[in-house]
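Visitor: Right, I'll just put the structure down here and ask away after.
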Amino acid sequence: AASGRPACGGGLMASPRPAAGEIVAALQARQFELYYQPKTALKDGALHGVEGLIRWRHPRHGLLSPACFLPQAEAASLVDLLTMEALRLALGDWRRWQAGGLSLPLSLNLSPRSLADPHLAEQLMAAVIAAGVPPRAVTFEIIEHEEIADLATALRILIKLRMHGFGLALDDYGAGHASMLQLSRFPFTELKLDRRLVHGACRRPHMRTLLAHAAATARELGVTSVAEGIEMEQDRILLRDIGCDLAQGYLIARPMPAAALPLWHGKSAAAGKVTGTGAVIQLRP
């Protein structure tokens, strides 16, 4: 919940668990959409990004989070289809924002399973170029705590994307067991600190040392650090004081439909809180 992802189901009703066939039908019917949550600079509140969260507007169950359907999609090898649908939605939103005078780069979360497909880089690049979006406006995220089965193929894919101008982010940094190893192998441009480390860090003194080390690592590598799951002002101050670059969480804003983002940005900028641009798309729950 720290990053704005609703739980699957809710209340007293059982959580819906749609089958793979229903997910395929939903993709064909284009029932998925993206919500966006802003990321802002810790030093001055400037807008530097929005994380896009994929949702399924189910005809019977309403708006579903990835927790309801992503495990089934991964088990049925449908995650690549979801990735491409999220990219299609994101690129369409980029074009509409651009037409309205708001230029937002986009970032998409890539499942480690997708990084086993040697044709993935070409498919992603073709979609972005066909949409008329410059590759430099796109960043792809990789979840740190999930094992990458074929490191050689994954490395070739990520290097190819980086060479064509795309950004790369290591997501959920600090949650897994191979953080430094991943950093040493892949040409990342952004480090996202796991929300489980960030949320409530002000109440856990030992976390300050861990987070300060992560922020310092990002600085030494010349990459951007992002703290996810900020919901309390004390946490925001702590992350600012240790030198983290960007903040994301309910304290900044809750996820919103693409059409609502320009209005939010305008109101925030008018209040002197927000300037700049940026976007992040994420698939996982």
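Visitor: For THR139, which sequence-distant residues (separation of 5 or more, or a different chain) have an amide H within less than 5 Å of its own amide H, given hydrogens modelled in the peptide plane?
Guide: Residues meeting the amide H criterion: LEU106, SER107, LEU108, GLY167.
Visitor: Which value in deg cm²/dmol, rounded to the nearest 500, describes the helix-derived mean residue ellipticity at 222 nm for the chain, given -39,500 (n - 2.57) per DSSP H run of n ≥ 4 and division by the residue count?
Guide: Working: 10 runs with 107 residues, N = 285.
Value at 222 nm, helices only: -11500 deg cm²/dmol.
Visitor: Taking springs between alpha-carbon atoms closer than 10 angstrom, which of GLN37, GLN72, GLN248 fluctuates most in the Gaussian network model of the chain?
Guide: GLN72
Visitor: Just need the relative contact order of the chain here, percent rounded to a whole number, with Cα pairs under 8 Å and 6+ apart.
Guide: Values: 560 pairs, mean separation 79.4, N = 285.
RCO, the chain: 28 percent.
Visitor: Taking only protein heavy atoms into account and a 1.4 Å probe, give the accessible area per residue of the chain in Å². List each step's numbers first, then the result.
Guide: Working: 12420 Å² over 285 residues.
Per residue, the chain has 44 Å² of solvent-accessible surface.
Visitor: Also, quick follow-up: Label 7 Å along Cα→Cβ of ALA149; segment 32-75 residues with amide nitrogen under 20 Å?
Guide: 70-75, by backbone N distance to the label point.
Visitor: Then there is this: Report the Cα centroid-to-centroid distance between segment 12-64 and segment 190-223 in angstrom, as an integer.
Guide: 27
Visitor: Hey, of [x] 22.5; [y] 18.7; [z] 14.8, which did the structure itself give for mean projected area of the Cα convex hull in nm² when calculated?
Guide: [z]
Visitor: Carbon-plus-sulfur fraction of the accessible area of the chain, 1.4 Å probe, in percent? Kindly include the intermediate steps, with their values, before the conclusion.
Guide: Numbers: 7040 of 12420 Å².
C and S fraction of accessible area: 57 percent.
Visitor: Let me ask something else. Take the chain, connect every pair of alpha-carbon atoms lying under 10 Å apart with a spring to form a Gaussian network, then pick out the residue of PRO38, PRO187, PRO59 with the largest mean-square fluctuation.
Guide: Sorting by GNM fluctuation, first place goes to PRO59.
Visitor: Which of these, GLY167, GLY132, GLY243, has the largest mean-square fluctuation under a Gaussian network model of the chain (Cα springs below 10 Å)?
Guide: GLY132
The values are calculated or read from the model by the stated rules, or taken from the named source; none is laboratory data. None of the values given here were measured: they were computed from a predicted structure. Positions of Cβ are generated from backbone atoms using ideal geometry, with glycine treated the same way; all protein chains shown enter the neighbour counts. We work out accessible area using only protein heavy atoms, side chains counted, and drop any ligands, DNA or RNA first. Shrake-Rupley method; radii C 1.70, N 1.55, O 1.52, S 1.80 Å.
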